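Notes follow once the structure below has been shown.
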Amino acid sequence: MTQSLTALFSPETSPNLADLQPFRLLCDALFFYALPSENTAPPGQKDSGTGYTPVRLSGEEQSRFQSLARELKGHEAEFHGGLLASLSAGHGDRDEASVGSLASRLRSGAKPVDPHKTEDKALWQAMLILKLAEMYREEEREIAQGFLAISGKESELFAAIRGEGAEEEGRDEEEEQALRELAAARPLSGPTINLTRLAKAWGHLYARDARATEFPLLVTSHEELQGLLAEVYETLTGKSPRQLVSLALPTQTQGAEDAGLVEKFAVATGASREHFNRLLMDLTASGTISAERLTELQEAGNDLNRAALPFLKSSPNEKTMRFYAYEGVSLIHLFARLCGAPIAEPQKNSATTGLLAVLI
């Protein structure tokens, strides 16, 4: 029987669709969290990349958050060096209450949330952290796009100086591709978002998401997230998470080519992809992974890698997707422990295994 592999992206909200493309090669449906906004997709919508708000807010609370987000946008210059920098690796220990202070300031002296609503306050702080991180990433994308535009103009000027005409179109395309790769590889300015703080903020939403159990697989493009969850897992169980298998995937393309690659990859790797996904999902219903099951999954991964070879030959680079299993513990419990969100303790010998895929 055919089974669909549904995954949830972590720990960013409203990620760039280009960042999701490698995961779409494997997953039948891919979801991510979106903060309350006028453009949030309906929670029931299902497609290959759908954003939804995991925590229900009243109409008044949603409007209040949207208004606050707009005010944050207008005060970026004032708070960039402070609160945005609190997301950076150099300021990882700063108290998260600073975000709550920001909310109070922007609400012009409005009363803070009632003391007995600790969970709601933690949720609001988490959402503000995630929103600030979104603003930071958008700023960095704009810088990268500006760099690409300037580099493109430089290329045109050099071509004009050399007297090159339309006959050089082939080389122009190669130069444009090189510029795109250069812009993508260019180190971004400003502070680096602190992943621990981002993961903790995202975990508050994850722990309260009624749909969280629908996703057998969590996917991420942040390798550090595996280290954070591994520390929590080792504290709970005294064991290290198990690395299962690695897949080699072609790099993302642009525009219409992106959708075409996903469809072509699904057709060309159909049988091996379906077999791998089925074995992967079977692991989530078991508290332990036997040597036989692991061997079978690794063989299926090798088959899928062989089926993907033609795509890798036509791709300048490739991505590696590594899979990790947290035997006997769900990822919801790991994130709840990481961020201190209230959730029931995992039972011993629980028949569940959390699965994480890391793209590097």
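The values are calculated or read from the model by the stated rules, or taken from the named source; none is laboratory data. Predicted, not measured: the structure shown is a model, and the values here were computed from it. Reconstructed Cβ throughout: ideal geometry from the backbone, glycine too, with neighbour counts over all protein chains shown. Each accessible area value is taken on the protein alone, full model and side chains, heavy atoms only, with ligands, DNA and RNA left out. Shrake-Rupley method; radii C 1.70, N 1.55, O 1.52, S 1.80 Å.
Per-structure values
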quantity: Which numbered condition L30 fails, given (1) surrounded by fewer than 22 Cβ atoms within 10 Å (Cβ to Cβ); (2) closer than 16 Å to A357 by Cβ; (3) at pLDDT 80 or above; calculated: (1)
quantity: Qualifying positions in the stretch 182-233 - modelled with pLDDT of 95 or more, of a type in the set (S, T, N, Q) and more than 20 Å from K319 (Cα to Cα); calculated: none
quantity: Subset of the stretch 263-287 (residues that are within 23 Å of the chain's Cα centre (by Cα) and open to solvent by less than 20 Å² (accessible area, probe 1.4 Å)); calculated: F265, F276, N277, L280, L283
quantity: Residue that is at pLDDT 90 or above and either within 26 Å of the chain's Cα centre (by Cα) or surrounded by 16 or more Cβ atoms within 10 Å (Cβ to Cβ) (or both), where the choices are I343, I332; calculated: I332
quantity: Residue satisfying all of: in the stretch 311-320; of a type outside the set (V, I, T) and out of contact with any helix residue (DSSP H, G or I) (no Cβ under 7 Å at 6 or more places or on another chain); modelled with the highest pLDDT among these; calculated: L312
quantity: Per-region count, the stretch 282-322, residues more than 18 Å from P250 (Cβ to Cβ) and of a type outside the set (D, E); calculated: 15
quantity: Any hit, the stretch 37-45, residues being out of contact with any Asp or Glu (no Cβ under 6 Å at 6 or more places or on another chain), exposed (fewer than 13 other Cβ atoms within 10 Å of the Cβ), among the polar types (S, T, N, Q) and modelled with pLDDT of 70 or more; calculated: no
quantity: Residue list for the stretch 288-309, filter: within 18 Å of R24 (Cβ to Cβ) and surrounded by fewer than 20 Cβ atoms within 10 Å (Cβ to Cβ); calculated: N305, A307
quantity: Among residues of the stretch 270-314, those that are charged (D, E, K, R) and in contact (Cβ under 8 Å) with a residue 24 or more places away in the chain, counted; calculated: 5
